[in-house]
């Protein structure tokens, strides 16, 4: 192997092992949180809000994480009739297996809680997963139908 080829190979290996750009990742994470919150409020559940069956509050909060540092984000609180509350709360932008974690729970009932995990598909695409447990058999893709089904289950 010629010196030039060896140096080019070392350069490629070095670029592959570079530390991620945590500032850029933090901005992507914050936007992903905002996008899922507005998808829930403005697309999936707007009809419930228009009928007075639920209302939404976006509550600012500050998070501090080891890799991405300090940032401002929001918690989505969904108020249902009879003063029942659902909360979508950002927990971590980086987990061991996923690219972000939210908790979705019914306030006041520790048994009614799931993790909502963000999985990056490629540089411009990700998906959200509802995880009722660590077992991947209990994971489903987050969409309007699955979220409605979960809330209906919790209200029984």
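For the stretch 120-139, the condition holds for no residue, the condition being that it is under 24 Å from residue 53 (Cα atoms), in contact (Cβ under 8 Å) with a residue 60 or more places away in the chain and either assigned to a helix (DSSP H, G or I) or under 12 Å from the mean Cα position of the chain (by Cα) (or both). Can you confirm whether the stretch 110-123 contains a residue that is under 20 Å from residue 25 (Cβ atoms) and out of contact with any strand residue (DSSP E or B) (no Cβ under 8 Å at 6 or more places or on another chain)? Within the stretch 110-123 (the criterion being under 20 Å from residue 25 (Cβ atoms) and out of contact with any strand residue (DSSP E or B) (no Cβ under 8 Å at 6 or more places or on another chain)), the answer is yes, since at least one residue qualifies. Condition first: modelled with pLDDT of 90 or more, under 20 Å from residue 34 (Cα atoms), loosely packed, with under 14 Cβ neighbours inside 10 Å and touching a helix residue (DSSP H, G or I) at 6+ places or on another chain (Cβ under 8 Å). Can you find one or more residues in the stretch 101-109 that meet it? The answer is no, given that none of the residues of the stretch 101-109 is modelled with pLDDT of 90 or more, under 20 Å from residue 34 (Cα atoms), loosely packed, with under 14 Cβ neighbours inside 10 Å and touching a helix residue (DSSP H, G or I) at 6+ places or on another chain (Cβ under 8 Å). Answer yes or no: is there a residue in the stretch 110-129 that is on the phi > 0 side of the Ramachandran plot and in contact with a helix residue (DSSP H, G or I) (Cβ under 8 Å, 6 or more places away or on another chain). No: zero hits. For the stretch 141-156, which residues satisfy the criterion of being surrounded by 16 or more Cβ atoms within 10 Å (Cβ to Cβ) and over 18 Å from residue 80 (Cα atoms)? Within the stretch 141-156, 142 is the sole residue that qualifies.
In this structure, is residue 57 closer than 30 Å to residue 25 by Cβ and at pLDDT below 95?
Working: closer than 30 Å to residue 25 by Cβ: yes; at pLDDT below 95: no.
When the stated conditions are applied, residue 57 does not pass them.
In the condition set (1) buried (at least 16 other Cβ atoms within 10 Å of the Cβ); (2) out of contact with any strand residue (DSSP E or B) (no Cβ under 8 Å at 6 or more places or on another chain), residue 47 is compliant with all but (1).
The values are calculated or read from the model by the stated rules, or taken from the named source; none is laboratory data. Everything numeric in this text was worked out from a predicted model, so none of it was measured. With ideal geometry, Cβ positions are generated from the backbone for all residues, glycine too; neighbour counts draw on all protein chains shown.
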